[in-house]
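Just below is one structure, and these are the notes that go with it.
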Amino acid sequence: MKRTVPAVAPESPATPARPVTTCTIAQAAGVNISTVSRALRGVAGVSPTERDRIRGIARRLGYRPNPFVAAFISQIRTYRRSPQLATIALLDCWPADRPVWANFDDSLDYIGGIRARANSLGYRVERIRLVDLENSLDRLQRLLSTRRIYGLLMLPVPEGTDLSGLKFSRLACATIDFSLQRPAVIRRASPHYYHNTMLALTTLVERWYRRIGYAVTTIASQRHDDLCLAAFLAFSARNPHLCVSPCLTKVSTRQRDLAAWLRRERPDALITTDFMLPDDLVAAGYRVPDDVAAVSLSQPPASSRQIAYVNEDYREVGVQAVDMIVDAIHRNEFGLPRKRVAHFVDGFWHEGRTVRPPSRK
């Protein structure tokens, strides 16, 4: 007798679980949706006990925010706060008698990067000079509040500047470079000084320089010099046959110290953050690059672009700074971050007449 094998019904595809939404959490918690939204975002209006209870329910249910919806809602909130075009304040803390290099006008590459990126994301940029507010942080705070400005980008500041008195709880902030030390925990966008120094060193080695030196003035405010010097020392420790001892000079005796160091160490190439280095070498009686090659680790002005240098890509630094602020606004992460956050931008080599050209194979 032939046995009949019962047909096995094909398995039906599993019905996907319904996504957990703020409405789901509200029903489970017995509160309205707006309360859930405030609790998840950590804004005022919900007690800490209730906030923790609602967040616990959200975790138990497996809630995950939709990033596209979150970004869209954030843009709506930003628009409601400021019905006009949303604004990022560009804070300039320098006094009226600022040095030439601190004249932050729109000709600077990272200012152009800041404005272009902000405009592309629907923000306008408003420059605020602290000196016009009599250096008062209270007046700055009132101005930001009155104009409903929630994004604050701080340009490099003079040594000793202290902005920790600002109330950052309603601001999405970032700064450029490492000059601002108070507050210390803040989002930063900066050239990658360590990488840029290594790039200059490896490029010189590829061009058969074998006695490379580094010159730096001993000024505490030049924090980028510390990072460049650290890279040079690390490279020379691994390659002692390619480097000479660095030249540490004082501003008041720079040319005299440099001349004495050149006679003692006899380098064939020299790197520094000072784009005036070739002039100092000529003043010391050396031909550039026949006797000594020179590389600047900072971008010289247009009038000195014949110098070989590492382009720090300031424009991209400005773009990254704006992105950090806008991302924080979209995530509703106002206030200072819990830990230091930094975005580094790698520079690239710019050919110049102060270094022999690459050999042609």
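The values are calculated or read from the model by the stated rules, or taken from the named source; none is laboratory data. Worth saying up front: this structure is predicted, and the values here are computed from it rather than measured. Glycine gets a Cβ as well: all are built from the backbone with ideal geometry, and neighbour counts include every protein chain shown.
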Among residues belonging to the stretch 15-45 that are under 34 Å from the mean Cα position of the chain (by Cα) and part of a loop (DSSP other than H, G, I, E, B), point out the one that is farthest from residue 328 (Cα to Cα).
45
Residues that are farther than 28 Å from residue 226 by Cα: which strands (runs of 3 or more DSSP E) entirely in the stretch 90-182 hold 2 or more of them?
123-129
Going residue by residue through the stretch 188-201, is there one that turns out to be under 25 Å from residue 312 (Cα atoms), surrounded by 20 or more Cβ atoms within 10 Å (Cβ to Cβ) and β-branched (Val, Ile, Thr)?
yes
Which of the residues spanning the stretch 171-202 are among the hydroxyl-bearing types (Ser, Thr, Tyr) and more than 14 Å from residue 273 (Cβ to Cβ)?
175, 202
Subset of the stretch 262-292 [among the hydrophobic types (A, V, I, L, M, F, W, C), within 20 Å of residue 225 (Cβ to Cβ) and touching a residue at least 60 places away in the same chain (Cβ under 8 Å)]:
269, 271, 277
Filtering the stretch 188-234 down to residues that are at pLDDT 95 or above and of a type in the set (Val, Ile, Thr) yields 197, 202, 203, 205, 212
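Conditions (1) buried (at least 16 other Cβ atoms within 10 Å of the Cβ); (2) modelled with pLDDT of 90 or more; (3) not in a helix (DSSP H, G or I), marked per residue:
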| residue | (1), (2), (3) |
| --- | --- |
| 252 | no, no, yes |
| 258 | yes, yes, no |
| 264 | no, yes, no |
| 282 | no, yes, no |
| 286 | yes, yes, yes |
Looking only at residues that are part of a loop (DSSP other than H, G, I, E, B) and exposed (fewer than 15 other Cβ atoms within 10 Å of the Cβ) in the stretch 302-332, which one is modelled with the lowest pLDDT?
305
For residue 270, state whether it is part of a strand (DSSP E or B), surrounded by fewer than 18 Cβ atoms within 10 Å (Cβ to Cβ) and either under 32 Å from the mean Cα position of the chain (by Cα) or not assigned by TED's automatic domain parsing to the domain that holds residue 87 (or both).
no
With criteria (1) part of a strand (DSSP E or B); (2) touching a helix residue (DSSP H, G or I) at 6+ places or on another chain (Cβ under 6 Å); (3) under 21 Å from residue 102 (Cβ atoms), residue 188 comes up short on (2)
A careful count of residues in the stretch 228-248 that are in a helix (DSSP H, G or I) and of a type outside the set (Phe, Trp, Tyr) gives 12
Specify which of the listed residues (142, 182, 170) is of a type in the set (Lys, Arg) and at pLDDT 95 or above.
142
